[in-house]
Each structure stands twice: as structure tokens, then as C-alpha cells.
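Notes follow once the structure below has been shown.
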């Protein structure tokens, strides 16, 4: 077609512009984190690593403290996601649509309302102290939909008869799960672990409501944003977070889609 | 006709059945739903507690006085919202809804062309491009907002670049702390999120319909308006609804780049929580926001549904 031919030359250009717009603002953070100036203005004159030094001194503790919470939430949501995905894919369930809708609710509700209702749930209804573990529960809540979607997509792709064959060959349900289902679902499970970790890692609103006096990394950063003196150190911290995020997400996305040849 | 595999499988199940065939066992073996729900039970219980019970607790708290364990029933929280001097809540709600509409429209307008390009004109390395476009969505939302603060602030990137190019003589202090800053920031923050559903619904369109439209003499734009756009509507509407709902409750962006004129309802909820520690009023305002949101969303769905039904009739 004529039209096709005319557009083809422009495709890389337009893609390039979009990628620039999507990434440009975010990439300013690492760029200015090396800037030896408290103001973020062009042109950049001197480069420095001192903001990274300042950051490492103070923030290592917070990161370590919360890492375990996020790992716990990622594992919990992956287990929830796996069990429900298996149920959805294997069995014909009455009211499947409603079940799926219920699990997807955390994706749709504004996080400020989730935060307020969980706060009321923990403080007023259960009357428990806000600890790291109440935050872990909240993280699990918002990551479970992602886990379910990722693992379900993976499980839908493979042939049920493999599990049936294993059962016919005398494997117990547990052996079938461990030696057939789990290995087949593995890319999905790994992607789900990474994505849920990432979701908790970046989460701000719920942690803001629920973390009481122990700030998570995003809450801590948000608190510092008002003070211009701290901005460069936050840029350094943010750049580290970006690098970790992009590495984790690229891996997860590669696991999730990259092996799916039908998309190519 | 059952396939050979199913027959064999059925045989296996019969063999596995315990000899004492109690009713419960038979039900267990014959009801797929039951086994499905057994596997779903932990997740569902968790969801019911963390969502439904939590929401009920929020509703209950919104009718209480702010006295912790000694709280009593009261309607004061709602009275505060609807009282004549409580118009700040109503103004901010309307502003939040309106800004969310604007942001959603901007996101869709920004995302549609790239989704279209990816679906129809990118032939190789589609997966690669999709991954590249989705990655920013997963990076820290706080950082994405923060980067716009860096760009727009008075001692920021945009001002310094314009000064350097000689477009302006002195830094502008009007870029940040207003509504447009909030709209630009949120449009950018959600772009990666909307591209995917739109792309998926475009990708699903049967190519032969597009060819048929051209063969029958439609121009590019006519084909787009009459075939491509309507068929991609599921993705567009899905993204629209989700973006609209999520943006109304936003608080980080207005707090960081919004200034006074960009303040939204989320900001007042947060300040009631942090500065006044008035959790019952937080609950009431949240419920108020959620009900208004649900109403608007339902209206939107009804309008869309109504239009579809009309088209079906004619």
C-alpha cells in the first residue's frame, strides 16, 4: 500500500520521540545526581559522586529493614496468585467472573481509599499496632492481582494433558505439582515474584498511611522532598532505585513475554 | 463424544475414588467448582478481609466520633462535608473529578498514536518495543513525579534550557505549582499504563476488515473513524475508566507540583490524617469520594452501554 510505504520511514522517528518523552524526564534524575550543584540546571559543569556518599551513610538502614517485608509480601502474593490462577485455569468454577473481579479490586480502587480503609481496619476493627507486618499485608493485597494475572497467563499457555499424563503414570498430586506444574509455570512464578516485589518497592500511599513511625524508602524520600538541601541526595537515592527497578522489571518482562514466540 | 484422553482420565478418577463413597466424597469428585473454591479459599478469605471487611470498618468509622476506643455514633463527619461552610470538600471533589477527566483525555490522546503505530506499523521486535514502553510504568511513581518538579521548578531544567537558548531573559516562576503542572505530570506518569490496553485491542482487529474498508473505497481517515477506532474502543474505554478512577484520588502529584490551585481532594484527606489526626473524618471524606466516583463511573458505563444499544437497534 502507498500509505504503508510513506509511514514506514517515519516509524523509527516517531517511536524515538515517544521513547524520549517517556524516558527523558526520568533519566534527568541520574543525570543530575552526578551534578556538583545544588540546583538542577543546565548546562552541567562539574561532576561529583559526593551525593552518593551522603546517601549511603543514611539510607542503608531503611533499605535493609524493609527488604525483608517486601520479600515476604512478594512470596505471599505469589502463593495466593499461583493457587488462584491454578484454580481458575484448571476448574470450571461457578461465578468465576466475580471471583476474578474481587481479586482485581485493589488495581481499580484509588490507593488513598485502600489506605484509609486498611488504616481503619487495623486500628479500629482489629485494634492492632501498626507494624512492619501490617504494611506487609497491605503490600500483599496490592501485589496479588499482578501475580494472578502473570501466572494465569503462563498456565493458560500450556497443555493440560501433561498433568494428566503424570497422574496416569502414577504420580501423586504433590509429585505432579512439583515435577510438572511448577517447572512449567516457573517463568510466570519468577516474573510474579519480581513484579510483586517491585510493586511493594515503589508503593507510597499505603506505606504512608500504615507504616506509622518506621518510614519506607518512598515515604522517607517524600518527607525529604520539602528540603531543597536534600534534593541532590534524593536524586542519588532515586537513581539507585531506578537502576534496581529497571533491572528487575526487564528480567520479569523478559520472563513473561520474551519467551512467548507468538508475539514476535 | 469424549476424547480418548478424557476417557482415560475419567478411568483414573474412578480408580482413585475411595471405597467408602460418602456423599461428600462424591460431591468433591464431581464438582469442579468445589475443588476450585477449595484452592481459591485462602486468597478469597484474604481479599474479603482486606477489602470488604476493611471497607465496612471504614464506613463504620465514618459514623463515629474521634475518640479512639470511646468513640460514639455521630453524623457530624458527614454534616461537616455537607454543611454550608464545608464547601471546600465539595469544591475539591469537583475539581478532582474535572482534572481527572482532563488527564484521562490527555493520556488517551497521547497514547493512541503510539499504540496504533505499534500495532500496525512496527513489524519486527514488537515484544522488545512493548517491554521498552512498559518499563517506565513500573519505575517509582514518586520519582516520576519528582522528575517533573526538577524540570519545572524555578531553578529547574526547562527554565535553564530556555535561558540558555535565549528564549526568556529571566527564569519563569509560573511553570510549577499550578493545575497544568499536575495535568502534564499525571499524563506522563500514566502514559505507559494506557498504551498497553489500547495496543491489545488494536492488535486484535482482524486485518481483513481494514483491507475490506480500503477496497470498498474508504480513505485512510474514513477507515480509521469507521472501522479502526470503533473496534479499538474496548481497550480505550477500559483504560479511560481505570485512569479516571485512579487519578481522582491522587495526592502526591498535587502536593509536589500542584500548589494551591492544583490541590485535590486527596490532599485534604492526607492533611486531615497527618495534621489533624481526625481518622473518622478521613473515613467520611473517603467514603464521600468513593461514592461520587462510583456514581460518575456508573454514569459513564451507562452512557456507553446506552449508545451501543442504540446502535444495535438502528
Among A:106, A:25, A:183, residue whose mean-square fluctuation peaks in a GNM of chain A (springs only between Cα atoms under 10 Å): A:25
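If R0 is 60 Å, what FRET efficiency do you get for residue B:222 and residue B:169 from their C-beta distance, rounded to 0.05?
On the way: r = 49 Å, r/R0 = 0.81.
Computed FRET efficiency for residue B:222 and residue B:169: 0.80.
Quick one: compute the contact order of the stretch B:181-314, relative version, from alpha carbon pairs under 8 angstrom and 6+ residues apart, as a percent. Display every interim value, and only then the final one.
Numbers: 77 pairs, mean separation 29.9, N = 134.
That works out to 22 percent.
Ranked by Cβ crowding within 10 angstrom, fewest neighbours first, how are A:69, B:296 ordered?
Values: A:69 21, B:296 17.
Arranged by neighbour count, lowest to highest, A:69, B:296 become B:296, A:69.
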Degrees, to the nearest 10: A:132-157 long Cα axis against longest axis of chain A: 50 degrees
Long-range Cα-Cα pairs in the stretch B:21-60 (distance over 11 Å), rounded percent: 68 percent
Shielding score for A:71-82, defined as the mean number of other chain Cβ atoms within 10 Å: 1
Two-site label geometry, residue A:212 and residue A:96: point separation in nm, points 7 Å out along Cα→Cβ: 4.3 nm
Within 10 Å of each Cβ in A:141-154, the average number of Cβ atoms from other chains: 1
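Restricting things to alpha carbons, find the Rg to Rh ratio for chain B using the Kirkwood radius for Rh.
Details: Rg = 26.6 Å, Rh = 24.4 Å.
Taking Rh as the inverse mean 1/r over Cα pairs, Rg/Rh reads 1.09.
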Base-10 log of normalised Debye intensity for the stretch B:177-252 (one unit scatterer per alpha-carbon) at q = 0.28 Å⁻¹: -1.22
Stokes-Einstein D (µm²/s) once Rh is taken as the Kirkwood radius of chain A over alpha-carbon pairs, at 4 °C in 1.567 mPa s: 60 µm²/s
Tilt relative to chain A, helix A:50-90 - C-alpha long axis, 0 to 90 degrees, to 10: 20 degrees
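Compute the FRET efficiency between residue B:212 and residue A:14 as 1/(1 + (r/R0)^6), taking r as their Cβ-Cβ distance and R0 = 25 Å, and round to the nearest 0.05.
0.40
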Relative contact order [Cα under 8 Å, 6+ residues apart], the stretch B:86-313, whole percent: 27 percent
Pairwise FRET efficiency - residue B:178 versus residue B:121, Cβ, R0 = 45 Å, nearest 0.05: 0.75
Inter-label distance, nm, simple model (7 Å from Cα along the C-beta direction), residue A:171/residue A:48: 6.0 nm
Modelled label reach - residue B:203, point 7 Å along Cα→Cβ, the stretch A:87-103 residues with backbone N closer than 12 Å: none
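Arrange B:188, B:177 by Cβ neighbour counts within 10 Å, fewest through most, would you?
B:177, B:188
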Kirkwood hydrodynamic radius (C-alpha pairs) into Stokes-Einstein, the protein assembly as shown, 25 °C and 0.890 mPa s, D in µm²/s: 93 µm²/s
Neighbour-count ranking [beta-carbon atoms within 10 angstrom, fewest first] of B:122, B:282, A:109: B:122, A:109, B:282
Gained length - residue B:162 relative to residue B:34, 0.36 nm times residue gap less alpha-carbon distance: 39.5 nm
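Computed from the coordinates by the stated procedures, all read-outs in this text should not be read as laboratory data. The structure presented is a predicted model; accordingly, all values stated were derived computationally and were not measured. When we count neighbours, we look across all protein chains shown, and the Cβ atoms used for this are built from the backbone with ideal geometry, even at glycine.
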